[in-house]
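K.L.:
My questions will all concern the structure given below.
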Amino acid sequence: MKKLIVLLLIVVFNSSTFAQGAKIEFKAEDNTIDYGRIEKNSDNGIRAFEFTNTGDAPLIITEVQSTCGCTIPTKPKEPIMPGKTGKIEVKYNMSIGPIRKTITVESNATNYEDGRIALKIKGEVYEKEIINYMEKKKALPGFEN
């Protein structure tokens with residue numbers, strides 16, 4: 001009887017270590033999208049974090065939040081089945097200045113602590129300099145008009 005119980009415990013323990021659940025792997029290096037240096041009004045500000053469910057259970061993204069109202073993330077509505085891909089879209093409002101924002105994803109992924117993943121966007125938005133050719137140029141010293 002003891003042998004049967006020990007054998008049963010070994011089987012239960014081994015089967016639980018092989019069950020992995022949902023796992024999420026992002027294509028973006030370091031889970032970061034770099035907008036680069038972009039001119040305001042030349043870009044709609046939409047980017048997508050693409051990912052794959054590398055686990056053996058459906059991946060459910062329960063919530064996606066950004067650190068400010070200038071960044072609007074959109075999560076998948078349906079579970080992502082094992083081996084399938086999905087995306088989280090992010091729209092940045094293209095405010096002039098540096099871009100340094102974090103998007104927090106909450107899911108049932110077992111390869112991140114509590115299923116919580118930090119995604120980041122970075123870059124810089126600049127305004128195109130307007131050159132007025134009608135404006136009088138300053139003369140260089142020694143070259144007066």
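K.L.:
Looking at (1) touching a Gly at 6+ places or on another chain (Cβ under 9 Å); (2) surrounded by fewer than 13 Cβ atoms within 10 Å (Cβ to Cβ), can you tell me which one residue 30 breaks?
P.N.:
Among (1) touching a Gly at 6+ places or on another chain (Cβ under 9 Å); (2) surrounded by fewer than 13 Cβ atoms within 10 Å (Cβ to Cβ), the lone unmet condition for residue 30 is (1).
K.L.:
Exactly one of these conditions fails for residue 78: (1) outside any strand (DSSP E or B); (2) under 16 Å from residue 28 (Cβ atoms). Give me its number.
P.N.:
(2)
K.L.:
Being of a type in the set (Phe, Trp, Tyr) and part of a loop (DSSP other than H, G, I, E, B) is the filter; apply it to region 91-145 and report the residue that is modelled with the lowest pLDDT.
P.N.:
Per the stated criteria, the residue is 143.
K.L.:
Assuming residue 22 fulfils every condition listed in (1) exposed (fewer than 15 other Cβ atoms within 10 Å of the Cβ); (2) assigned to a loop (DSSP other than H, G, I, E, B); (3) in contact with a helix residue (DSSP H, G or I) (Cβ under 9 Å, 6 or more places away or on another chain) apart from one, which condition is it?
P.N.:
(1)
K.L.:
Name the pairs whose Cβ atoms lie under 8 Å apart, with the first residue in region 105-116 and closer than 14 Å to residue 79 by Cβ and in contact (Cβ under 8 Å) with a residue 60 or more places away in the chain, the second buried (at least 17 other Cβ atoms within 10 Å of the Cβ) and of a type in the set (Gly, Ala, Ser), and 6 or more positions between them or separate chains?
P.N.:
Final answer for the pair search is 107/22; 107/115; 108/22; 108/57; 108/115; 109/22; 109/55; 109/115.
K.L.:
Sort out which residues of region 88-101 are surrounded by fewer than 16 Cβ atoms within 10 Å (Cβ to Cβ) and over 16 Å from residue 123 (Cα atoms), and write them in order of number.
P.N.:
89
K.L.:
Say we look at region 57-74 and pick out the residues that are assigned to a loop (DSSP other than H, G, I, E, B) and farther than 26 Å from residue 37 by Cα; which of these is nearest to the chain's Cα centre (by Cα)?
P.N.:
60
The values are calculated or read from the model by the stated rules, or taken from the named source; none is laboratory data. All values reported here derive from a predicted model rather than from experimental measurement. Here the Cβ is made from the backbone with ideal geometry for all residues, glycine too, and neighbour counts use every protein chain on show.
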